[in-house]
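The values are calculated or read from the model by the stated rules, or taken from the named source; none is laboratory data. Everything numeric in this text was worked out from a predicted model, so none of it was measured. Every residue, glycine as well, gets a Cβ built from its backbone with ideal geometry; the counts of neighbours run over all protein chains shown. Each accessible area value is taken on the protein alone, full model and side chains, heavy atoms only, with ligands, DNA and RNA left out. Shrake-Rupley method; radii C 1.70, N 1.55, O 1.52, S 1.80 Å.
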2 protein chains.
Amino acid sequence: MDYITIIGLIAGALTTASFFPQVLQIYRTKQTKDLSLSMFIILTIGIFLWLIYGILSKTLPVVMSNTIAFVFSSYIVIMKIKYG
Amino acid sequence: MDYITIIGLIAGALTTASFFPQVLQIYRTKQTKDLSLSMFIILTIGIFLWLIYGILSKTLPVVMSNTIAFVFSSYIVIMKIKYG
């Protein structure tokens, strides 16, 4: 595995992991008022398209990170709609 | 430009544009309580690494979208620290 792919994998791990503290905070506080629903809806659609892009262009870091990010981002959208 | 790159550009446009409603909401409300500081710090570092990855792998959609996303994400981190 070349060093460019390794940087991509670290980048993907970080952007994906970043959702986790937000998911945890929502789970703990049930508070989503200051989150923008538009942000997370557009982000979720964008992440889905990145996933398609990654599959078509066969770029492993893009596929891996966006699969998990899609799950987290969808969860935040659902919680935002639930808690308002 | 092939259709895979076009999908990547749309994906990049969406994930980048997604920050905009959140930036606007913070600007309007000055409220950041429900945002996770850890999320946006980790996200900003991750976006920076995606930018490096995009430059090294010469993938245009990755470079373009992550440059703008880096600015927006940094703004959210600064506002979160400012408004707490």
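Couple of notes before you dig in:
- Some residue of segment B:19-38 being under 10 Å from the mean Cα position of the chain (by Cα), open to solvent by less than 60 Å² (accessible area, probe 1.4 Å) and touching a residue at least 40 places away in the same chain (Cβ under 8 Å): yes
- For segment B:5-18, a residue qualifies if it is within 7 Å of another protein chain (Cβ to nearest Cβ), open to solvent by 10 Å² or more (accessible area, probe 1.4 Å) and either under 16 Å from A:Phe19 (Cα atoms) or over 15 Å from the mean Cα position of the chain (by Cα) (or both), and the qualifying residues are B:Ile7, B:Thr15.
- Residue, nearest to A:Met1 (Cα to Cα), within segment A:45-72, restricted to residues that are hydroxyl-bearing (Ser, Thr, Tyr) and open to solvent by 20 Å² or more (accessible area, probe 1.4 Å): A:Thr59
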